[in-house]
């Protein structure tokens, strides 16, 4: 099973990261900066992996640089309503849908 999750980022990401800023021209500074991801793990475990710079057994870094540097905490109120999905493809599609929905609400959002 796969889940999507949302992490609140420090607003410093908007001023310090050009790519993040360019991806979010709609952002007006009122709402938060967010990262949307998907995982086969519990979102709390995945957040901990992001913050510690998790590297898998094959030596691949699996944490997003933005979350490692700017991640503050999970925002379950923005994703708990979404049920687990059976396939990775479903979860990737849901990740993109949720990220774009949050952008339309004027959040600044990063997703892969």
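Points to keep in mind about this one:
- Residues 35, 2, 73, 107 in ascending order of nearby Cβ atoms (within 10 Å, fewest first): 73, 2, 107, 35.
- Relative pair counts by distance (%), Cα atoms of segment 3-111, 5 Å bins: 2, 13, 23, 24, 21, 12, 4, 1, 0
- Label sites at residue 44 and residue 92, each approximated as a point 7 angstrom past Cα along Cα to Cβ, lie 3.0 nm apart.
- The chain: relative contact order as a whole-number percent, Cα under 8 Å and 6+ apart: 43 percent
- Structure-based [θ]222 nm, the chain - -39500 (n - 2.57) summed over DSSP H runs of at least 4, per residue, nearest 500: -11000 deg cm²/dmol
- By the beta-carbon count within 10 Å of each Cβ, the least crowded to most crowded order of 52, 39, fewest first, is 52, 39.
- Extending 7 Å from the Cα toward the beta-carbon at both residue 100 and residue 22 defines two label points whose distance is 2.1 nm.
A short reminder: the numbers here are calculations on the coordinates, not readings from a lab. Bear in mind the structure is a predicted one, so any value in this text is a computation, not a measurement. Ideal geometry is used to build each Cβ from the backbone, glycine not excepted, and the neighbour counts take in all protein chains shown.
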